[in-house]
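The values are calculated or read from the model by the stated rules, or taken from the named source; none is laboratory data. Computed from a predicted structure; not experimentally measured. Cβ sites come from the backbone with ideal geometry, for glycine too, and all protein chains shown count toward neighbours. To get the accessible areas, we keep the full protein, side chains included, count just its heavy atoms, and leave off ligands, DNA and RNA. Shrake-Rupley method; radii C 1.70, N 1.55, O 1.52, S 1.80 Å.
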Amino acid sequence: MARNIQSLERAAAMLRLLAGGERRLGLSDIASSLGLAKGTAHGILRTLQQEGFVEQDEASGRYQLGAELLRLGTTYLDVHELRARALVWTDDLARSSGESVHLGVLHQHGVLIVHHVFRPDDSRQVLEIGAMQPLHCTALGKVLSAYDPVAHSEALESDRKAFTDRTVCELEEFEQILDVTRARGYAADVEETWEGVASIAAPIHDRRRMPVGAVGITGAVERLCRPDEEGALRPELIAAVRDCARAVSRDLGAGRF
């Protein structure tokens with residue numbers, strides 16, 4: 001059985017201590033409460049402070065939780081609120097489109113799938129919650145890159161790998177795709193990531209009108225694309241995806257888009 005790392009256990013205990021009780025605590029209070037020597041406690045606090053997890057009041061010298069920890073907590077809550085608000089609408093989208101639905105957020109230079117509704121046809125499918133998708137060639141990734149400045153920067157800095165012959169890797173062409181995505185309000189991926197597979201995605205905004213994720217459908221090219229025009233997506237599916245994104249955004253307080 002792997003042994004726990006003592007310094008991490010002490011840092012976690014310190015954060016829990018600062019999260020409860022008094023808003024600010026001095027070094028002596030923290031050390032005595034956790035049974036640590038002052039030097040040990042000070043070393044841990046200094047590291048947490050450098051990482052932004054703890055802040056020290058200049059006047060009193062007391063410590064409190066830092067902005068970085070609060071930011072991480074807010075991100076956690078935002079993702080869970082996003083999933084909760086999207087449950088009904090993504091179920092409706094899967095039912096109306098007949099395709100699988102994915103909800104994605106920006107995470108570690110890619111798209112993290114935080115919710116997945118199976119295609120409603122009793123076929124064998126694999127749950128993809130927790131899977132990562134690239135930013136530059138998936139519909140979800142293009143939407144995030146088009147609307148989220150952080151995702152845009154990460155897509156530009158990343159290695160835009162070619163997954164198929166249709167994958168767009170060149171920077172200028174990629175930027176043109178993002179311009180088109182912003183102009184029409186949705187992104188498409190027709191065999192750019194997987195042969196024979198297409199996807200459509202639209203952005204989700206929160207009450208601050210900030211992009212917090214994207215929702216999309218994925219399925220076989222012959223189902224998502226029009227038979228009379230190669231690569232052209234079915235307009236009713238585009239409308240369904242955009243309507244779903246707007247509905248989730250409204251539930252998050254974004255109002256009408």
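Give me the extension gain from residue 87 to residue 159: residue separation times 0.36 nm, minus the current Cα-Cα distance, reported in nm with one decimal.
On the way: separation 72, 0.36 × 72 = 25.92 nm, distance 3.30 nm.
Extra length from residue 87 to residue 159 when fully extended: 22.6 nm.
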* **Most fluctuating residue given options 67, 232, 247, as computed from a GNM of the chain linking Cα atoms under 10 Å** => 67
* residue 125 versus residue 12: modelled label distance in nm, points set 7 Å from Cα along the beta carbon direction -> 3.5
* Two-site label geometry, residue 251 and residue 171: point separation in nm, points 7 Å out along Cα→Cβ -> 4.0
* How large is the dipole of the stretch 158-257 about the Cα centre if only Lys and Arg carry +1 and Asp and Glu carry -1, each at its Cβ, rounded to the nearest 20 debye? -> 880
* To do: Could you go through the stretch 181-195 in sequence order and give the Karplus-derived ³J(HN,Hα) for each residue, using 6.51 cos²θ - 1.76 cosθ + 1.60 with θ = phi - 60°, rounded to whole Hz, and x for Gly and Pro?
  => 4, 5, 5, 9, x, 7, 10, 10, 9, 10, 6, 8, 10, 9, 4
* Estimated inter-spin distance, residue 29 and residue 226, nm [label 7 Å along Cα→Cβ] -> 6.8
* Ignoring ligands, DNA and RNA, what percent of the 1.4 Å accessible area of the chain is carbon and sulfur? -> 51
* Asked: Order of 90-101, 25-36 by packing, highest average Cβ count within 10 Å first?
  -> 90-101, 25-36
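For the chain, report the convex hull volume of the alpha-carbon atoms normalised per residue, in Å³, without decimals. Show your work: numbers first, answer last.
On the way: hull volume 47.2 nm³, N = 257.
Enclosed volume per residue, from the Cα hull, is 183 Å³.
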* Structure fact -> Regression test value, accessible area per residue of the stretch 29-72, probe 1.4 Å, units Å², expected 59
* Per residue, how much accessible area does the stretch 136-257 have with a 1.4 Å probe, in Å²? -> 48
* Three-way shape label, the stretch 61-200, alpha-carbon gyration tensor, a/c 1.5 -> oblate
